[in-house]
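The values are calculated or read from the model by the stated rules, or taken from the named source; none is laboratory data. Owing to the predicted nature of the structure, the values given are computational and were not obtained by experimental measurement. Positions of Cβ are generated from backbone atoms using ideal geometry, with glycine treated the same way; all protein chains shown enter the neighbour counts. Accessible surface areas use protein heavy atoms only, side chains included; no ligands, DNA or RNA. Shrake-Rupley method; radii C 1.70, N 1.55, O 1.52, S 1.80 Å.
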Amino acid sequence: MLKLTHHLSFILLFIRISVIAAEGNSSHYQISSIINDTYNLYDTNLRYITKKIHEYRETAYNEYQSAKLLADFLEKEGFLVERGIANRTTAFVATYESGDSVNTSTSGRIVSFNSEYDALPVLGHACGHNLIAIAGLGAALAVKAYLNETKCNGTVKLFGTPAEETGGGKIDLVNHGYYKTVDMNIMVHPTQKHGGAFVPYLALQGFEVEYFGKAAHAAGSPWAGKNALDALLTAFNSLNALRQQLHPSFRLHGIILNGGTAANIIPDYTRGEFVIRAPTVEQLQNDLKPRVVACFEAAAIATGCQVKITKKSAYNDVKQNAVLGNRYELYSVVQGTLLPSKQEQSLFSTGSTDQGYVSYAVPSIHADYRILTENNQGPHTKEFELATISEKAYLETIKASKALAATAIDFLEDDVFAKNVIDEFQSSNTNTTATTA
């Protein structure tokens with residue numbers, strides 16, 4: 001059975017390569033010696049950096065050591081590094097520009113990558129941001145080497161983006177115009193299953209919901225109180241009932257942060273945190289959000305309490321640029337990576353990312369790649385956290401990073417490809433909502 005599965009995997013891989021390579025001569029799309037040599041040269045550095053970031057376990061906007069480690073290294077390698085950008089101490093942008101152009105086929109386009117490095121509270125790097133950090137770093141180093149060796153006219157930027165998990169550091173960079181300085185932005189993310197460049201990421205809106213009631217003795221005079229915990233629980237029950245009428249692609253989840261102070265006191269204050277998600281910003285804003293807010297408000301009316309609803313983090317869905325995605329996948333499969341079809345990827349259940357905000361500003365992809373985990377456990381688990389420091393995870397990250405670098409180099413060198421990328425972006429941005437915030 002194992003042998004049959006192994007053979008089937010190679011058959012599927014061959015079919016996938018054939019389909020993707022239909023866009024051109026597949027022999028042309030190989031990882032160049034410049035790219036391979038760059039990763040060989042920096043292998044020790046990349047291993048050290050991912051290991052240290054994994055050890056630092058720094059949470060949102062506290063990634064001081066991780067940001068410094070990356071920025072210092074990039075500076076040493078000849079990049080111009082601007083630290084503390086967008087009023088965020090742990091954000092940076094590193095730039096390398098080639099000024100000696102002898103290649104008239106290019107027009108000095110600017111390619112960019114992202115490095116994430118924030119960890120989750122308690123779990124640490126259970127979302128693999130220590131790997132994302134070196135995927136972006138390696139790609140930037142490879143493009144720099146290409147610019148130097150070929151005298152191609154172009155620029156590469158690496159954005160150091162904090163707080164992807166909670167806060168959305170890329171949103172700050174978008175709002176301050178940093179992504180408007182580049183022509184494209186691409187990144188990868190590890191997961192426990194075979195992914196690709198067409199995995200959907202959902203639009204997200206967070207809420208803090210507070211209920212204000214009136215305290216009373218829970219046994220002596222409960223009728224004199226207004227129970228803020230009843231209000232919060234009624235909101236939860238209303239959301240649970242709402243799920244029956246929601247599309248299966250919508251998501252609702254929440255926790256109680258403050259449920260009262262003592263069992264014998266009618267709670268006069270409670271607080272919860274909620275997150276809602278939908279496949280697109282339009283669906284989130286126009287369909288899901290009004291119905292969820294109505295549940296919060298109705299719970300207050302039903303219990304005689306007052307409610308305060310505060311918007312928190314808001315992420316757009318990711319607009320995967322199909323032209324960039326096809327090219328990235330081509331460079332993945334020629335390295336032996338097994339990828340699901342676009343249709344299979346479209347059915348994946350995923351989360352949300354602040355890269356969605358970037359994808360509304362500039363042509364982008366947020367591609368998934370597989371790392372092996374115990375019991376096939378996915379992100380935000382202890383098993384995934386342990387897997388992100390494994391040798392196999394490192395090697396898969398390098399393959400994904402090489403695909404990023406090769407895609408970016410094509411964008412610099414191939415005028416037709418670059419135009420197709422930009423045309424696809426402009427077409428996808430017609431009649432769309434700019435932000436969930």
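Residue-wise test of (1) at positive phi; (2) modelled with pLDDT under 95; (3) touching a helix residue (DSSP H, G or I) at 6+ places or on another chain (Cβ under 8 Å).
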position	(1), (2), (3)
Glu282	no, no, no
Pro290	no, no, no
Val293	no, no, no
Gln306	no, no, yes
Thr310	no, no, no
Val318	no, no, yes
Tyr331	no, no, yes
Ser346	no, yes, no
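Within the span defined as the stretch 238-256, one or more residues are in contact with a Cys (Cβ under 9 Å, 6 or more places away or on another chain) and either more than 24 Å from Asn316 (Cβ to Cβ) or β-branched (Val, Ile, Thr) (or both).
Note on the stretch 175-272: enclosed strands (runs of 3 or more DSSP E) holding 3 or more residues that are on the phi < 0 side of the Ramachandran plot and open to solvent by less than 30 Å² (accessible area, probe 1.4 Å) are 185-191, 203-212. Here Ile276 fits the description: under 29 Å from Ser427 (Cα atoms) and either free of Cβ contacts under 8 Å to residues at least 12 places away in the same chain or aliphatic (A, V, I, L, M) (or both).
All conditions in (1) open to solvent by less than 30 Å² (accessible area, probe 1.4 Å); (2) assigned to a helix (DSSP H, G or I); (3) assigned by the TED database to the domain that holds Tyr178 hold for Leu339, with the sole exception of (2). Out of Arg370, Arg327, one residue alone is in contact with a Ser or Thr (Cβ under 9 Å, 6 or more places away or on another chain), assigned by the TED database to the domain that holds Ile49, open to solvent by 30 Å² or more (accessible area, probe 1.4 Å) and basic (Lys, Arg). It is Arg370. Of all the listed residues (Ser332, Ser364, Ser313, Ser349), the sole one being free of Cβ contacts under 8 Å to residues at least 40 places away in the same chain and either within 21 Å of the chain's Cα centre (by Cα) or buried (at least 17 other Cβ atoms within 10 Å of the Cβ) (or both) is Ser349.
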